[in-house]
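The values are calculated or read from the model by the stated rules, or taken from the named source; none is laboratory data. Just so it is clear, the model here is predicted, and its values are computed rather than measured. Note that each Cβ is placed from the backbone with ideal geometry, even for glycine, and that neighbours are counted across all protein chains shown. Accessible surface areas use protein heavy atoms only, side chains included; no ligands, DNA or RNA. Shrake-Rupley method; radii C 1.70, N 1.55, O 1.52, S 1.80 Å.
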Amino acid sequence: MCWSAEADLVAGVAVATVGVACVARTRRGRDLPLAALPLLLGAHQMVEAAVWASDGGTGPATLAWTVMALPLLALWVPAGVLCAAPRSARRRLAVPLAAGAATATVLSYVLATRPVRAEIRGHTVGYAVDLPHAGPLVVGYLVATVGSLLLSGDRGLRVLGYLTGAGAPICWALWRLEFVSTWCAFAAVCSMVLLGWVNGRRGRR
């Protein structure tokens, strides 16, 4: 989420460019899912530019944005961390992966059976999704995403976990106040951390 269609588009292109660099510099196939994460985040920003352009509503861009933000990320992040993690950490990473799979399944069902609406609210876009048992779903989402990074056994990924754990509530609070959305800047920072992680892996070969 960003504060205008133009900001979303510029941020999306910038984050996707970092993603291209991450993928190009990756030397281990197991690291590719995480290295490609900025590509997903960049595409996510560009999809929201289309949401702005259509003035919100319930169209394909709104649904695509929500699918990427909710079930896809809930499964992508813990699966990517599990692929990249050292062997010693893989057993404990089964917990966030299971949480991500369960959360993504429920979220996918909800998005397939209930409407999603986007509303332009000043400098933010609000997304209305009728989530059953929202509390457990939020917990499952955080365990899958932030939890997998913190349990990864990799110093660079733990830094990303601390960053997302601290930054996500700040972005959420600013968005709820309908002041301004800072998610695009947050995604850019996370993407640069991932680029540093990729470069560090490359240097250890």
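Within the range 1-51, track down each residue that is β-branched (Val, Ile, Thr) and within 22 Å of ALA64 (Cβ to Cβ).
To start, the set of residues in the range 1-51 that are β-branched (Val, Ile, Thr) comprises 10, 13, 15, 17-18, 20, 23, 26, 47, 51.
The answer is VAL10, VAL13, VAL15, THR17, VAL18, VAL20, VAL23, VAL47, VAL51.
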Regarding the range 175-184, can at least one residue be identified that is modelled with pLDDT under 95, on the phi > 0 side of the Ramachandran plot, open to solvent by 60 Å² or more (accessible area, probe 1.4 Å) and not in a helix (DSSP H, G or I)?
yes
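So if I check each of ALA43, ALA21, ALA74, which one is out of contact with any strand residue (DSSP E or B) (no Cβ under 8 Å at 6 or more places or on another chain), open to solvent by 30 Å² or more (accessible area, probe 1.4 Å) and under 28 Å from ALA101 (Cα atoms)?
Working: ALA21 fails: under 28 Å from ALA101 (Cα atoms); ALA74 fails: open to solvent by 30 Å² or more (accessible area, probe 1.4 Å).
Result: ALA43 is the single residue among ALA43, ALA21, ALA74 that is out of contact with any strand residue (DSSP E or B) (no Cβ under 8 Å at 6 or more places or on another chain), open to solvent by 30 Å² or more (accessible area, probe 1.4 Å) and under 28 Å from ALA101 (Cα atoms).
Quick check, is ARG91 open to solvent by 40 Å² or more (accessible area, probe 1.4 Å), free of Cβ contacts under 8 Å to residues at least 24 places away in the same chain and basic (Lys, Arg)?
Spelling it out, ARG91 is indeed open to solvent by 40 Å² or more (accessible area, probe 1.4 Å), free of Cβ contacts under 8 Å to residues at least 24 places away in the same chain and basic (Lys, Arg).
Inspect all residues belonging to the range 186-203 and state whether any of them is open to solvent by 50 Å² or more (accessible area, probe 1.4 Å) and at pLDDT below 75. Even if it seems obvious, please write down each step before you answer.
Step one: filter the range 186-203 for residues open to solvent by 50 Å² or more (accessible area, probe 1.4 Å), giving 189, 192, 199, 202-203.
Now drop any that are not at pLDDT below 75, which leaves 202-203.
Within the range 186-203 (the criterion being open to solvent by 50 Å² or more (accessible area, probe 1.4 Å) and at pLDDT below 75), the answer is yes, since at least one residue qualifies.
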Conditions (1) under 25 Å from GLY140 (Cβ atoms); (2) more than 15 Å from the chain's Cα centre (by Cα) -> ALA64 fails only (2)
Considering only the range 120-146, how many residues are under 28 Å from SER4 (Cα atoms) and not in a helix (DSSP H, G or I)?
12
Cross-chain or 6+ apart pairs with Cβ under 7 Å, the range 149-160 first and touching a residue at least 60 places away in the same chain (Cβ under 8 Å), then of a type in the set (Val, Ile, Thr) and open to solvent by less than 70 Å² (accessible area, probe 1.4 Å):
LEU149/VAL81; LEU149/THR164; SER152/VAL81; LEU157/VAL81
Selection from the range 109-129 of residues open to solvent by 10 Å² or more (accessible area, probe 1.4 Å), small (Gly, Ala, Ser) and in contact (Cβ under 8 Å) with a residue 40 or more places away in the chain yields GLY122
